[in-house]
Structures are given as C-alpha cells and as structure tokens.
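Undergrad: Would you mind keeping the following structure in view while I ask a few things?
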Amino acid sequence: MAQFLFRGLRLPNTTILSKTATCCKCDKNIFKLVSNNPPFVLFLNKKFYSSQSEKIPAETLETKHALDSVDIFGENKDERRKEKEKAIKNLKIGFFFIGASLMMVLGTGLYVLMDDNYYKRDEDEKDIYPVRLFNRGRLAVGKFFESMRAPSYEKLLPDPLPYPYIQPPYTLIIEMTDLLVHPEWTYATGWRFKKRPNVDRFLEQVSQNYEIVVFTASNGFNVYPILDSLDKNNVIMYRLVKNATDYIDGHHVKNIDRINRDLSKVIMVDWDVNSVKLQRENALVIPKWNGEDGDQQLIQLAEFLNVISASEVNDVREVLSYYKQFDHPLEVFKENQRKLLEMQEEQKQILGTLPINKARGSWKDKYLYGK
C-alpha cells in the first residue's frame with residue numbers, strides 16, 4: 001500500500017485512507033479514498049489502474065486457478081478433503097461400535113449383578129440399592145483379577161496311585177529352565193535349548209525312588225516339545241507350566257499346597273528363591289546352570305536325593321531346612337560326605353565294615369546334616 005499511496009500524480013495535497021471502500025489497485029483490502037485533489041486527477045488515477053487490471057493475460061488467471069487447487073504440500077485440495085471426510089466417517093463408525101460394545105458389557109454385568117445370588121452374600125440391607133450394586137461390582141472385579149493370578153485348577157496333580165500300582169515314596173519337583181536345559185539365542189539360529197550334561201543319567205537314577213514332576217513358569221507350547229525331546233524314556237510323570245503357578249508380587253510362584261501330595265515327602269529343586277518362597281522349607285535352591293560344558297552338578301544332586309531316599313527320611317523338610325542356609329548346598333553335602341567316609345574308614349579298623357544303609361541314626365545325621 002506504500003507504493004499505492006505515492007503512485008500517480010504527485011501533488012502537494014495528501015490522500016487520506018479510511019475503511020469502507022474498495023481499493024482501486026487490489027480487491028483484498030477495503031478503503032475509502034478521501035482527497036483534496038481536483039476531480040480530473042482522481043479520474044486519471046482511476047483510469048490508469050483500471051487499464052492495468054484489464055491487461056492481465058488469460059494464462060495468468062488459469063495458472064492462478066490451478067495454484068489455488070493445490071495446497072502448500074503440493075497435493076490436491078479436493079482429494080485431501082475427500083480423504084478427510086472418509087477418515088471422519090470411519091472414526092464415527094468405530095466410536096459407534098465401541099460404544100455399543102461397552103453398553104452391551106455394562107448391561108450384561110448389571111444383569112448378572114442384580115440376579116446372581118453369589119454376590120449378594122454378606123450385604124448390608126441398610127444400604128441403598130445403588131450402593132449395594134456398586135459393592136457387588138467391586139467384588140466381581142476383585143474375583144476376576146484373583147482368578148487371573150491363581151492357577152487354572154485347584155489340584156495340580158491327580159491322586160497318588162493306589163495299590164497294586166507302584167507309587168514312589170517321594171516327589172521331586174524340579175525346574176526345567178537353567179537346571180535341565182539352558183536357552184541360547186543367536187542371529188544365525190534364533191532360540192535354541194542346550195541340554196545339560198548328565199541329564200539322562202540324573203533322570204534315570206532319580207526316577208527309581210521319586211515321582212518326577214517338571215514345574216516351570218514357561219508357557220506350555222514351549223515346554224512340551226522340549227520335554228518330549230529330553231525325556232526319551234518317559235520317566236517324567238507330570239508337567240506343570242505357567243498356568244499352574246500363583247502370580248504374586250510380579251513373580252510366578254510355585255504353590256505346592258495344591259500339589260495333592262504329602263509335603264513331608266516333597267522336594268522342590270530350583271535356582272530362583274522367589275519361585276519357591278511360599279514353601280521355602282521344601283525347597284533346595286542351587287545355582288543356575290549357564291551352559292558350561294563340564295558341569296557335574298546333576299550328579300551331585302542325584303547322589304543327594306538318593307541318600308535321602310535310602311535313609312528313609314520321614315520329613316524331608318528337616319534336611320532341607322539345614323541346607324537352606326548355604327548358597328551352594330551340594331558342595332556342603334559333598335564335604336559332609338567326605339567327612340563321613342573318613343570316619344567310616346576309622347571305624348572299619350575297629351569294628352569292621354559298617355554299611356551306610358544300616359548305620360545308626362547318628363551316622364545318618366552326620367551324612368546328611370554334618371552333625
């Protein structure tokens with residue numbers, strides 16, 4: 001507008017602009033021209049600018065129209081408008097179905113809460129009906145989350161085998177991951193499970209006196225194929241997976257109160273204390289296996305378990321409570337075994353041979369407890 005103010009005839013009189021009139025140069029702003037110039041000067045200025053506007057070529061108008069149909073991103077405005085309208089339509093349909101689904105869920109929930117007598121127990125009849133309905137809903141939600149944390153079934157194992165079938169006197173519950181196999185991952189092969197040294201020998205020796213149960217927090221579709229490949233002789237009697245655990249404080253915990261066995265005859269072997277924290281007195285926590293090839297820990301574990309069964313321990317919790325204080329209980333057991341053998345050699349020189357399975361109670365205690 002600065003150019004517009006000083007174009008045309010330069011006369012001493014100034015031009016005053018005010019709104020409410022259309023500018024003779026551009027049609028975008030509205031002004032009212034107030035001037036003290038003579039009428040012929042105003043006529044010449046108007047004539048000059050009108051002739052300038054009449055000389056705009058047609059190509060320029062077409063280009064301007066084409067540019068008006070394109071946005072700043074170079075896309076067609078009509079197409080973008082259609083896409084926007086379609087997206088809004090789809091969004092409305094989605095919100096409709098979501099709202100309808102929520103209404104159906106809420107309606108079904110209210111119907112169940114009003115008719116189901118299970119949630120009406122222990123209600124205070126003095127409360128108004130909306131409060132009682134709210135309390136029923138809170139109880140139902142709590143029961144739902146409790147069922148998600150609890151195992152899928154109350155009895156994890158069936159009843160012991162009746163006579164004349166042979167039921168082993170003890171039950172061994174052992175973790176699979178990092179005790180029997182070790183998971184490894186590489187870019188070339190993906191996930192693989194490495195078999196621990198002496199696994200076959202361990203399972204064969206222990207299965208003679210123990211009911212072997214593999215209990216792990218992994219999913220069943222991962223566990224079953226591994227155990228099928230690992231247990232060629234079918235000595236593992238039962239397999240318990242993730243849905244048999246209790247979810248407590250962010251950990252999948254093995255609750256053997258549901259195991260349907262006498263806990264005085266149950267031994268849990270694991271490397272994670274959090275997994276056995278509900279029945280720590282029944283657990284033997286040993287270091288995890290990280291894939292070393294020269295590992296011999298399963299041989300020591302088999303010897304430990306066979307000594308318990310050979311000694312006919314009435315309550316394994318007494319033995320396990322003693323070894324609970326050590327970080328490497330099998331190493332302590334090995335040292336106790338060495339001391340016992342030395343004492344046996346000394347005793348042989350005096351009284352002759354003294355077999356372990358016929359030894360007196362004090363000898364058994366020395367072998368197991370180190371007392």
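Undergrad: Just grab the label-to-label distance for D200 and N234, each label 7 Å out from Cα along the Cβ direction, in nm (one decimal).
TA: Calculated label separation equals 1.8 nm.
Undergrad: Put a dot 7 Å past each Cα toward the Cβ at S152 and E83; how far apart are the dots in nm?
TA: 4.6
Undergrad: Under the rule of at least 5 residues apart or a separate chain, name every residue whose amide H is placed under 5 Å from the amide H of L240.
TA: V214, F215, T216
Undergrad: Which far-off residues, 5 or more places away or on another chain, put their amide H under 5 Å from the one on V269, with H placed in the peptide plane?
TA: I173, I174, E175, L284
Undergrad: Counting Lys +1, Arg +1, Asp -1, Glu -1, what net charge surrounds N233 among other residues with beta carbon under 14 Å of its beta carbon?
TA: On the way: positive: R201, K232; negative: D200, E204, D228, D231.
Its environment carries a net charge of -2.
Undergrad: Given R₀ = 45 Å, FRET efficiency for D249-N76 by Cβ-Cβ distance, to 0.05?
TA: That gives a FRET efficiency of 0.20.
Undergrad: A further question on this structure: Calculate one ³J(HN,Hα) per residue across the stretch 323-338 by plugging θ = phi - 60° into the Karplus curve 6.51 cos²θ - 1.76 cosθ + 1.60, and present them in order as whole Hz with x for glycine and proline.
TA: Whole-Hz 3J(HN,Hα) from phi for the stretch 323-338: 7, 5, 7, 9, 6, 10, x, 5, 5, 5, 4, 4, 5, 4, 5, 4.
Undergrad: Over the stretch 206-338, with every protein chain in place, what whole percent of the accessible area is carbon and sulfur at 1.4 Å, could you tell me?
TA: Answer for the stretch 206-338 is 44 percent, counting heavy atoms of protein chains only.
Undergrad: Another question, if that's okay. Work out from phi, with θ = phi - 60° and the Karplus expression 6.51 cos²θ - 1.76 cosθ + 1.60, the ³J(HN,Hα) of each residue of the stretch 88-103, listed in order in whole Hz, and give x for Gly and Pro.
TA: Karplus values, whole Hz, x for Gly and Pro: 5, 5, 5, 5, 5, 5, x, 4, 5, 5, 5, x, 5, 5, 4, 5.
Undergrad: Oh, and also: Whole number in Å², please: accessible area per residue of the stretch 141-261, 1.4 Å probe, ligands, DNA and RNA not counted.
TA: It amounts to 56 Å² per residue over the stretch 141-261.
Undergrad: Sticking with this structure for a sec: In terms of modelled amide H atoms, which long-range or inter-chain residues lie less than 5 Å from the amide H of E184?
TA: Close amide H contacts, sequence-distant or interchain: R192, F193, K194.
The values are calculated or read from the model by the stated rules, or taken from the named source; none is laboratory data. The shown structure was predicted, so the numbers you read here are calculated from the model rather than taken from an experiment. Note that each Cβ is placed from the backbone with ideal geometry, even for glycine, and that neighbours are counted across all protein chains shown. Side chains are part of the model used for accessible areas, which takes the heavy atoms of the whole protein and leaves out ligands, DNA and RNA. Shrake-Rupley method; radii C 1.70, N 1.55, O 1.52, S 1.80 Å.
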